[in-house]
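J.: Below you'll find the structure I mean.
Every number here is computed from the coordinates shown, using simple stated rules; none is lab data. All of these numbers come straight from a predicted model, not from anything done at the bench. Every residue, glycine as well, gets a Cβ built from its backbone with ideal geometry; the counts of neighbours run over all protein chains shown.
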Amino acid sequence: MSTGHGARMLHSELLAQIPLFDTLEAEDLDALGRRMTERAYKAGEVVFDKGAKGSSMYVVLSGAVQIFLPGTGPDEPRVVLKDARTGEYFGELSLFDDKPRSASVEAVVETTLLELTREEFSDHLSKSRNAAMAILAEMAERLRETNALLSQRAARDVVKELDENLTWGQKLADRVAELNGSWAFILFLLALTLGWAGANKFLPSPFDEYPFQFYNLFLAILVALQGPLIVMSQNRESVKDRAQAETDFRVNLKNEVGIETLLREVGALRAETNKRFEVIERMMRTDRVRAEVPAKKPGGPLGPS
């Protein structure tokens, strides 16, 4: 375990960057930093494997590690989840539960990790009421955010919501962009051009003689206004696309959580059903054995004499 004051300060500074510990007081961070142990790993050395029992979290002091899912077969490649570098952390949930590791971790280069075990963490929380309350508050906040995310209706018509909140200027921009891409606008310009030219040619007193300077000025102003209005409408379409993508992500996330919950419930139901079948099978076996054993005659041995 590191004993130098500079090392302890570095450990506490790394802990302060982790969301789970960023609300702790400086003395608690320093105390936890003293409880962390430096572990050195060579390039290619495994920190822990998927499925192994987890009892500690790690912070990368130097070097880098790769977090991955191993392939199910010898020829199947690993699935890389993340490359953790200096200052990043992993395995923090092992401080609170005794579940197996959900992924494998391997050192990419020569790496030094800071290990904080569940025993050291629990011992410090038992001695520091402020630290325990800060950790509980952080976990409660995470749980509240998760509940809020899962309880709200994920599927929404975001395009309709955006359209209902448009200002008159935004509606005008959308209308102009929609009109510019139609045959009605093309036919209107053709009719206006022919009417303008015919009126200035055949009327006794033309108001815009050839080469129709006023009409060219009108078209120039029209084109100058159309450009920004069309860009405004396109930007709003991009906002709609991003909102739709975010909604799709929320729907997929909620569906994934629902599927995982359903799988857990089905697994629990299957385990309970198997237990009940085992009890029924033992009862049937007992009844079968009793039926096969002859009844004992009063005062005599079993079976016929």
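J.: Using a Förster distance of 22 angstrom, determine the FRET efficiency expected from the C-beta separation of VAL109 and VAL79, and round it to 0.05.
T.: E(calc), rounded to 0.05, equals 0.60.
J.: Ok, one more. As I understand it, the dipole of the chain uses +1 on the Cβ of Lys and Arg and -1 on the Cβ of Asp and Glu, about the Cα centre. Which of LEU69, LEU203, TYR215 lies farthest toward its positive end?
T.: The residue sitting farthest along the positive end of the dipole is LEU69.
J.: State the three equivalent ellipsoid semi-axes of the stretch 5-151, derived from the C-alpha gyration tensor as the square roots of 5 times its eigenvalues, in descending order and whole Å.
T.: Each semi-axis is the square root of five times an eigenvalue, giving 27, 20, 13 Å.
J.: For the stretch 68-100, run through the chymotrypsin sites (Phe, Trp or Tyr not before Pro) and keep only the ones in DSSP coil with at most 16 other Cβ atoms within 10 Å of their Cβ.
T.: Those satisfying the criteria are PHE96.
J.: Another question, if that's okay. Based on the Cα gyration tensor of the chain, what are the three equivalent ellipsoid semi-axes, each the root of five times an eigenvalue, rounded to whole Å and given largest first?
T.: Value: 70, 38, 20 Å, ordered largest first.
J.: While we're here: Which entries of LYS127/LYS254; LYS127/LYS275; LYS53/LYS254; LYS50/LYS275; LYS82/LYS254 have Cα-Cα distances beyond 32 Å here?
T.: LYS127/LYS254; LYS127/LYS275
J.: Relative to the present Cα-Cα distance, how much length would full extension add between GLU119 and LEU10 at 0.36 nm per residue of separation?
T.: Computed gain between GLU119 and LEU10 is 37.1 nm.
J.: So between ARG39 and ALA140, what do we pick up on full extension, going 0.36 nm a residue minus the alpha carbon distance?
T.: Fully extending the segment from ARG39 to ALA140 adds 33.2 nm.
J.: If I fit a long axis through the Cα atoms of helix 118-127 and take the longest principal axis of the Cα atoms of the chain, what angle between them do I get, 0 to 90°, rounded to 10?
T.: 90
J.: What nm value, rounded to one decimal, do you get for the distance between ASP97 and PHE212 when each label is placed 7 Å out toward the C-beta?
T.: According to this spin-label approximation, the distance is 7.4 nm.
J.: Moving on. Output wanted: per-residue J couplings in Hz (rounded whole) for the stretch 62-75, from phi through Karplus 6.51 cos²θ - 1.76 cosθ + 1.60, θ = phi - 60°, x for Gly and Pro.
T.: Using θ = phi - 60°, the values come out as 7, x, 7, 10, 10, 9, 8, 9, x, x, 6, x, x, 9 Hz.
J.: Same structure again: Grab the Cα-Cα distance for ASP22 and MET284, subtract it from 0.36 nm times how many residues apart they are, and report the gain in nm with one decimal.
T.: 88.3 nm
J.: Rounded to the nearest 20 debye, what is the charge dipole size of the chain about its Cα centre when +1 sits on each Lys and Arg Cβ and -1 on each Asp and Glu Cβ?
T.: Computed charge dipole of the chain: roughly 1460 debye.
J.: In whole Hz, what ³J(HN,Hα) sequence does the stretch 86-91 give by Karplus (6.51, -1.76, 1.60; θ = phi - 60°), x for Gly and Pro?
T.: Computed from phi, the couplings for the stretch 86-91 are 3, x, 8, 9, 7, x Hz.
J.: Now for a separate question. Please list, in chain and number order, the residues 5+ apart from LYS82 or on another chain whose amide H is under 5 Å from its amide H, with Hs placed from the backbone.
T.: It is ILE67, by chain and number.
J.: Related question: Suppose we look only past 18 Å in the calculated P(r) of the stretch 158-277. What percent of the Cα-Cα pairs does that tail hold?
T.: 72
J.: Residue farthest toward the positive end of the dipole of the chain, with Cβ of Lys/Arg at +1 and Asp/Glu at -1: which of VAL60, VAL251, PRO100?
T.: With unit charges placed on the Cβ atoms, the residue in question is PRO100.
J.: Output ³J(HN,Hα) for the stretch 22-35: one whole-Hz value per residue in order, computed from phi by the Karplus curve 6.51 cos²θ - 1.76 cosθ + 1.60 with θ = phi - 60°, and x for Gly and Pro.
T.: Once θ is set to phi - 60°, the couplings for the stretch 22-35 become 6, 9, 6, 6, 4, 5, 5, 5, 5, 5, 5, x, 5, 7 Hz.
J.: Here's something else I'd like to know. Could you sort 16-25, 192-201 so that the peptide with the highest average Cβ count within 10 Å comes first and the rest follow in order?
T.: My ranking of the peptides, most packed first, is 16-25, 192-201.
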